[in-house]
1. Give the range 170-186 a look and list any residue that's more than 17 Å from ALA100 (Cβ to Cβ), open to solvent by 50 Å² or more (accessible area, probe 1.4 Å) and outside any helix (DSSP H, G or I), or say none.
2. Taking the range 3-17, which residues are open to solvent by 10 Å² or more (accessible area, probe 1.4 Å), in contact (Cβ under 8 Å) with a residue 60 or more places away in the chain, of a type outside the set (A, V, I, L, M) and in contact with a helix residue (DSSP H, G or I) (Cβ under 9 Å, 6 or more places away or on another chain)?
3. Have a look at GLU317, GLU299, GLU366 and point out the one that is without any contact (Cβ under 8 Å) to a residue 40 or more places away in the chain and either more than 22 Å from ASN167 (Cα to Cα) or not small (Gly, Ala, Ser) (or both).
4. Examine the range 192-209 for a residue that is under 30 Å from MET31 (Cα atoms), outside any loop (DSSP other than H, G, I, E, B) and at pLDDT below 95, and state whether such a residue exists.
5. For the range 47-70, name all the residues that are assigned to a loop (DSSP other than H, G, I, E, B) and either closer than 22 Å to GLY104 by Cβ or basic (Lys, Arg) (or both).
6. What's the number of the condition GLU270 fails, among (1) of a type in the set (D, E, K, R); (2) touching a strand residue (DSSP E or B) at 6+ places or on another chain (Cβ under 7 Å); (3) open to solvent by 20 Å² or more (accessible area, probe 1.4 Å)?
7. Does any residue of the range 80-87 turn out to be open to solvent by 80 Å² or more (accessible area, probe 1.4 Å), out of contact with any Leu (no Cβ under 8 Å at 6 or more places or on another chain) and under 17 Å from LYS7 (Cβ atoms)?
Amino acid sequence: MEKKDLKIALVHDFLLYPGGAEKVLKVLSEMYPKAPIYTLLYDGEKMSKEWGSKDVRPSYLQKFPKFLKKHYQWLLPFFPVIPETFELREYDLVISSSGAWSKGIVTKLDTIHIAYLHSPMRFVWDYNEKYLKERNNKPSIFTRLFFSYLRVWDRMAADRPDYLIVNSKYTQSRVKKYYRHESAIIYPPVSLCEQAHLRNFKDRPANLNDKGYFLIISRLSPYKKVDIAVEAFNKLGLPLVVIGQGKQENYLRKIAQSNVKILGWQSREEIKNYYKNTRAFIFPCEDDFGIAPVEAMQEGIPVIAYRKGGALETVVEGKSGEFFDVQTPEVLADGVRRFMINEDKYDKEFIKKHAENFSEERFKREFKEYINKIMQS
């Protein structure tokens with residue numbers, strides 16, 4: 001089959017808010033601009049600037065009442081079934097971008113399905129008990145049975161793609177453990193930030209002077225552990241800026257002292273401006289890769305990260321950042337103190353050069369080489 005004749009489709013879990021997985025999808029869509037994008041739910045208002053010109057085809061869940069779509073977690077029982085309803089018979093190649101559901105699509109026999117896995121379904125595997133306790137202090141037997149069903153579905157869904165690509169060695173080990181599958185590693189694309197037009201925005205936090213502040217850019221979900229960073233900086237009294245939105249946003253505002261600014265959602269341009277006076281980027285969670293800290297390193301900013309997950313593959317200790325070993329405010333605070341002692345030793349140019357290992361151009365090249373290898377086999 002000639003490559004030029006391929007009909008290609010992309011499948012993604014949700015297009016509801018910007019995040020690391022959506023950045024990967026954006027680059028895939030640039031690589032294959034004619035490919036339609038199938039997704040479970042699409043927020044056309046919030047995501048129109050990025051995706052309005054694309055052929056986005058949401059599932060029939062899009063027809064549900066708006067209040068249900070805003071609380072899409074209530075639709076969880078539908079999610080395993082929805083990917084199977086996508087009409088993909090006309091395509092020769094389907095690329096799914098999956099953190100949970102889209103790898104479960106059903107394709108015809110001669111269609112090649114490549115799944116780019118951001119993670120095995122975290123909330124039903126290694127984060128299962130913590131997730132249940134965060135959602136409900138006393139999970140019922142019915143809840144536990146449902147989660148057991150989701151684990152069975154997720155394991156079976158992982159058998160459907162013909163090829164698996166993962167975003168890190170860490171994810172590769174989790175795929176091997178939970179799915180019993182081998183996978184190829186292609187690190188996600190991290191767009192090298194163009195020079196920002198630095199200016200003072202009206203919503204720039206007050207009382208943050210030229211000495212700089214520490215920065216977090218993250219989805220404000222419990223597993224991201226932003227709360228321990230807020231508590232650590234409450235104790236340290238050092239300025240911290242938190243950018244992002246999520247379930248914990250109101251809680252973080254309540255616990256933050258005056259030196260900690262919770263800004264909520266900010267535009268891409270505004271985020272680049274907040275890098276100007278950032279002393280270090282704080283990354284307190286165990287993530288499968290972690291695009292945000294690499295974006296910070298592209299600006300020459302060191303990272304203070306939890307010593308687990310994908311950060312071990314992106315942060316060079318003592319050269320592009322520091323690690324802390326336990327997810328508690330006290331241990332994180334100690335990591336910040338160690339960074340401040342060594343702060344003058346960090347070379348911004350080295351950090352920027354290191355971040356180029358995760359560039360968008362590198363991702364496109366490696367992904368195309370992988371596709372070509374498959375097509376020629």
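1. Matches in the range 170-186: ARG180, GLU182, ILE185.
2. LYS3, ASP13
3. GLU317
4. No; the residues of the range 192-209 include none that is under 30 Å from MET31 (Cα atoms), outside any loop (DSSP other than H, G, I, E, B) and at pLDDT below 95.
5. Listed by number, the residues that qualify are LYS54, ASP55, SER59, PHE64.
6. (2)
7. Yes: the range 80-87 contains one or more residues that are open to solvent by 80 Å² or more (accessible area, probe 1.4 Å), out of contact with any Leu (no Cβ under 8 Å at 6 or more places or on another chain) and under 17 Å from LYS7 (Cβ atoms).
Rundown of residues vs (1) within 16 Å of ARG279 (Cβ to Cβ); (2) of a type in the set (Val, Ile, Thr); (3) within 16 Å of the chain's Cα centre (by Cα), yes/no style:
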residue	(1), (2), (3)
MET297	yes, no, no
GLY300	yes, no, no
ILE304	yes, yes, no
ARG307	no, no, no
VAL316	no, yes, no
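The values are calculated or read from the model by the stated rules, or taken from the named source; none is laboratory data. Every value quoted in this text rests on a predicted model; they were computed, and no experiment measured them. So basically every Cβ, Gly included, is an ideal-geometry build from the backbone, and we count neighbours across all protein chains shown. Only protein heavy atoms, including side chains, enter the accessible area calculation; ligands, DNA and RNA are left aside. Shrake-Rupley method; radii C 1.70, N 1.55, O 1.52, S 1.80 Å.
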